[in-house]
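A short write-up of the structure that comes next.
The values are calculated or read from the model by the stated rules, or taken from the named source; none is laboratory data. Computed from a predicted structure; not experimentally measured. Positions of Cβ are generated from backbone atoms using ideal geometry, with glycine treated the same way; all protein chains shown enter the neighbour counts. Each accessible area value is taken on the protein alone, full model and side chains, heavy atoms only, with ligands, DNA and RNA left out. Shrake-Rupley method; radii C 1.70, N 1.55, O 1.52, S 1.80 Å.
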Amino acid sequence: ASKFGISSTDLQITREPFLSKWKSKSFDNCSINSFPRTFNFAIKRNLFLSIRFDENIKEYGYEDTLFGHQIKALGLSVKHVDNPLLHTGLESNRQYLRKIEQSLKTLYTIREDIDTPPLLMAYRRLRAVRMVPFTAWCWRKIHTLLHDNLMSENPSLFVFKLYKLGYYCNYVLYERDV
């Protein structure tokens, strides 16, 4: 238990360690995978109705990235308003990690429609040099250690990225047809 009487597995990820790296960028310098998250954006109704969210995405994850990709494909510009969002009542680390795993499965289903997420670009580089099986093997060997770090009071952004890349490689090779 922590000094607050909460076990580390029940601690909520504040996402500050993860988001601070992204929040410090101006939107003009961000790639399309930094499209404003759909929990906090404004768009003209007629534009929204012409683009829409992909109704084929039934599970959590990447629908906002795909939406942003469609906007960019139409050659439209996006103006970013720095409007911080206060998170209250966040899920536990365990729940958040399950959502991330689900989002990676969603990413697999839309991989042909989108090419900008850094994780997908890293996966494609690994595939080009035939390192996906090795990456998946490494992930299976150390995923418990990575998971333990992410459940800790001080999760590492680097470990988070490794976990996601390894999970995705493992999913593509061994779990997607299960």
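Structure above, values below:
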quantity: Close pairs from segment 41-59: first more than 17 Å from Lys72 (Cα to Cα), partner at pLDDT below 70 and open to solvent by 60 Å² or more (accessible area, probe 1.4 Å), Cβ under 9 Å, at least 6 apart; calculated: none
quantity: Search result, residues across segment 42-100 that are at pLDDT 75 or above, open to solvent by 100 Å² or more (accessible area, probe 1.4 Å) and of a type in the set (Lys, Arg); calculated: Lys44, Arg45, Lys72, Arg98
quantity: The lone exception for Thr109 - which of (1) at pLDDT 90 or above; (2) assigned to a helix (DSSP H, G or I); (3) not acidic (Asp, Glu) it fails; calculated: (1)
quantity: Residue tally, condition open to solvent by less than 70 Å² (accessible area, probe 1.4 Å) and of a type in the set (D, E, K, R), over segment 125-174; calculated: 1
quantity: Lone unmet requirement of (1) surrounded by 13 or more Cβ atoms within 10 Å (Cβ to Cβ); (2) at pLDDT 70 or above; (3) not acidic (Asp, Glu) for Ser34; calculated: (2)
